[in-house]
1. Return the Rg/Rh value of the range 129-223, two decimal places, where both radii are evaluated on C-alpha atoms and Rh is the Kirkwood radius.
2. For the chain, modelled as a Gaussian network with Cα springs under 10 Å, which listed residue fluctuates most, VAL151, VAL250, VAL186?
3. In Å and from the alpha-carbon atoms only, list the Rg and Dmax of the range 42-95.
4. Using just the C-alpha positions of the range 1-124 as equal point scatterers, what log10 of I(q)/I(0) does the Debye formula give at each q in 0.10, 0.23 1/Å?
5. Under 11 Å from the Cβ of ASN112, count the other residues' Cβ atoms, weight Lys and Arg +1, Asp and Glu -1, and hand me the total.
6. Students often get this wrong, so check it: of LYS55/LYS309; LYS124/LYS309; LYS55/LYS127; LYS55/LYS113; LYS55/LYS95, which have C-alpha atoms separated by over 25 Å?
7. How big is the Kirkwood radius of the range 261-323, worked out from every pair of different alpha carbons and given in Å to one decimal?
8. Only bridges whose two residues both fall in the chain count here: according to DSSP, what percent of them are antiparallel, nearest 5?
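Every read-out reported here was derived from the displayed coordinates using simple, explicitly stated rules and does not represent laboratory data. As the structure is a prediction and not an experimental result, all values here were calculated from the model. In this analysis, Cβ positions are derived from the backbone assuming ideal geometry, glycine residues included, and neighbour counts consider all displayed protein chains.
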Amino acid sequence: MTLQKTDALRHDWELSEVQALFDRPLNDLLFQAHSIHRAHFDPNAIQISTLLSIKTGKCSEDCGYCSQSAHHNTELEAEALLSLDEVIEAARQAKSEGADRFCMGAAWSRPNKRDFPKVLEMIKAVKSLDMESCVTLGMLDSDQAQQLKEVGLDYYNHNLDTSPEFYGNVISTRTFQDRLDTLNNVQQAGINVCSGGILGMGEERKDRCSLLIQLANMSKHPDSVPINMLVQVEGTPLFGEDEIEPLEFVRTVAVARLMMPHSVVRLSAGREEMSDEMQAMCFFAGANSVFYGERLLTTDNAGTNRDQKLFSSLGLKTSLEEKKACKNKHSEQNVASMV
Ligand code: SAM
Ligand code: DTB
Ligand code: SF4
């Protein structure tokens with residue numbers, strides 16, 4: 001099969017074809033994915049988003065990976081919905097640290113009538129700071145999606161998490177179809193879709209293929225595709241699961257890039273456990289976004305010092321660099337005006 005530098009996006013992937021991509025010699029797969037990546041993006045630039053948990057824990061869903069499910073016995077301290085001021089403060093901080101996008105996550109199955117208007121206010125506040133906004137609030141109906149659009153929400157994150165075949169091993173309180181319905185409501189409302197999954201939950205390669213097929217065969221590819229590596233949390237059913245092989249993770253990123261050439265692929269949760277070399281391979285394979293900051297939602301992220309060193313050693317440009325350059329320019333101007 002030949003993949004050319006083409007803008008013809010495909011939505012008709014079949015399992016055997018995707019399996020064949022995974023089976024390719026690694027160098028061939030990486031070369032092909034990187035070539036596609038280069039044709040559509042600056043290969044030395046990555047987008048950075050910062051996460052904030054605006055409502056933590058006591059979630060009624062039973063997702064087997066999640067620290068926040070009320071069904072599991074984790075050490076997590078639950079927290080009610082943050083105030084608008086707390087959110088604004090965190091968003092300001094994220095902006096000053098260089099994030100382009102502020103993502104707010106809530107441990108809800110779906111937003112309730114009391115809290116939803118408060119989230120709308122939070123989105124407006126983030127937008128007024130001149131940052132992109134993203135929220136992940138669980139399932140949405142079409143009316144809620146419309147209201148999010150009206151306040152200017154840029155992205156809605158809702159992951160398919162895994163293949164339809166493996167889904168029942170991980171979650172029993174909602175269906176794969178529920179996830180698709182929400183994504184459809186988000187897309188219909190004209191909000192950018194952010195949807196991906198988690199690797200390392202005990203799924204097989206065919207499940208990883210099947211997850212990518214679900215994403216790429218949507219009528220429009222998700223604008224953003226987060227690929228998470230399971231963060232193992234003690235007390236969750238998936239704690240102690242065999243970890244995914246790093247090169248298998250890299251392969252999955254490469255195949256995602258090949259199947260969804262225009263989407264931003266985010267190397268998401270799990271970077272704290274990844275070596276610099278593994279992350280570098282993921283960036284080569286086509287990942288071009290990360291979560292930046294000390295924390296994800298309830299667990300630790302890779303850490304900003306380590307990230308700054310990594311980006312600098314790889315020569316990766318982020319909006320961080322632009323902001324630093326801008327600051328330096330201002331201080332040079334200040335010094336110049338003093339002499
Ligand atoms: N409650 C909402 C939902 O499930 O859609 C939003 C928040 S939920 C924490 C967002 C996503 O984070 C999940 O769909 C999952 O893909 C990811 N996630 C949660 N816990 C994780 C973990 N331990 N490791 C990796 N990814 C995780
Ligand atoms: C996504 O795909 N990953 C993020 C974000 N979307 C909301 C969440 C990762 C959560 C990791 C575990 C935690 O910190 O609770
Ligand atoms: Fe709740 Fe979301 Fe965690 Fe599932 S992933 S338990 S829906 S917070």
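1. Reported Rg/Rh, Kirkwood definition of Rh: 1.00.
2. Of the options given, VAL151 has the highest mean-square fluctuation.
3. For the range 42-95, the Cα radius of gyration and maximum Cα-Cα distance read 15.2, 44 Å.
4. Scattering profile of the range 1-124, log10 relative to I(0): -0.60, -1.24.
5. Its environment carries a net charge of +4.
6. Working: LYS55/LYS309 32 Å; LYS124/LYS309 33 Å; LYS55/LYS127 20 Å; LYS55/LYS113 15 Å; LYS55/LYS95 21 Å.
LYS55/LYS309; LYS124/LYS309, as the Cα separations exceed 25 Å there.
7. Hydrodynamic radius (Kirkwood, Cα pairs) of the range 261-323 is 12.2 Å.
8. Taking every DSSP beta bridge with both residues in the chain, the antiparallel ones total about 5 percent.
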